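Read through the structure below, which is laid out as structure tokens, and then see the notes.
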């Protein structure tokens with residue numbers, strides 16, 4: 001076989017080897033595993049204006065590894081809104097989801113809930129599992145576009161520097177640092193396309209904190225700990241406040257959307 005014909009095969013074999021190492025690291029039997037939480041529920045004073053908050057995505061929302069459900073960043077963000085609203089939090093997320101699964105399994109239930117605000121937290125599993133960025137772009141665009149078209153404001157989380165995950169082999173971490181940056185930029189590009197969408201900054205101070213503090217990770221050395229979720233909630237809340245500035249109380253928060 002000529003060398004020129006070998007290169008595609010070597011690329012496929014090399015990609016498969018990388019993916020195999022990543023998947024092994026994500027399912028190491030020598031480290032603990034945690035159950036996903038049901039993070040949905042009503043929060044706050046029912047006498048306040050209602051706010052329907054729907055969360056789509058992966059385990060960043062189902063929060064395996066936190067000490068208690070209210071430590072999950074999506075719950076922290078929702079709790080922070082109860083000074084103004086009675087929050088109806090609906091999490092349709094499922095751990096391990098890629099954008100294709102959010103599109104196929106979560107988008108329709110999310111739309112049926114008629115959210116005032118939707119949080120879309122997906123990208124990490126796409127980056128880890130070898131999904132082409134071009135495919136991710138199309139899928140995320142359909143998710144965000146559908147939510148905005150239905151009248152929701154959207155908080156797009158994106159993906160932080162997953163090269164910081166201590167469970168991963170060191171020789172893979174540089175690769176996932178670069179790859180996750182690509183997926184986060186795609187997420188930013190999609191959010192910028194829609195007036196009703198805002199992107200969370202997860203590549204700045206937040207990513208630095210995950211590199212600097214091992215306590216940001218839970219005992220499985222893969223998912224964020226309660227401490228990590230606290231930091232995450234701070235940055236999501238900044239984006240949430242930007243979204244709330246664009247809401248009209250007369251049309252969004254008085255129950256007129258059914």
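Bear in mind these aren't lab numbers, they're just calculated from the coordinates by the rules spelled out. Since this is a predicted model, take the numbers as computed values, not measurements. Don't worry about glycine lacking a Cβ; one is built from the backbone with ideal geometry, like all the others, and counts go over all protein chains shown.
Of all the listed residues (154, 102, 159), the sole one being in a strand (DSSP E or B) and crowded, with 24+ Cβ neighbours inside 10 Å is 154.
Of the residues 168, 172, 138, 111, the single one that is without any contact (Cβ under 8 Å) to a residue 60 or more places away in the chain, in contact with a helix residue (DSSP H, G or I) (Cβ under 8 Å, 6 or more places away or on another chain) and surrounded by fewer than 23 Cβ atoms within 10 Å (Cβ to Cβ) is 111.
In region 213-245, how many residues are in a loop (DSSP other than H, G, I, E, B) and under 24 Å from residue 96 (Cβ atoms)? Count: 7.
Against the numbered list (1) more than 21 Å from residue 201 (Cα to Cα); (2) assigned to a helix (DSSP H, G or I); (3) touching a helix residue (DSSP H, G or I) at 6+ places or on another chain (Cβ under 6 Å), residue 66 comes up short only at (2). For region 51-89, the set of residues classified as surrounded by fewer than 20 Cβ atoms within 10 Å (Cβ to Cβ) and either without any contact (Cβ under 8 Å) to a residue 60 or more places away in the chain or on the phi > 0 side of the Ramachandran plot (or both) consists of 69, 70, 79, 82, 83, 84, 86, 88, listed by residue number.
Of all the residues in region 175-197, those that are touching a strand residue (DSSP E or B) at 6+ places or on another chain (Cβ under 8 Å), surrounded by fewer than 22 Cβ atoms within 10 Å (Cβ to Cβ) and either without any contact (Cβ under 8 Å) to a residue 24 or more places away in the chain or within 24 Å of residue 230 (Cα to Cα) (or both) number 2.
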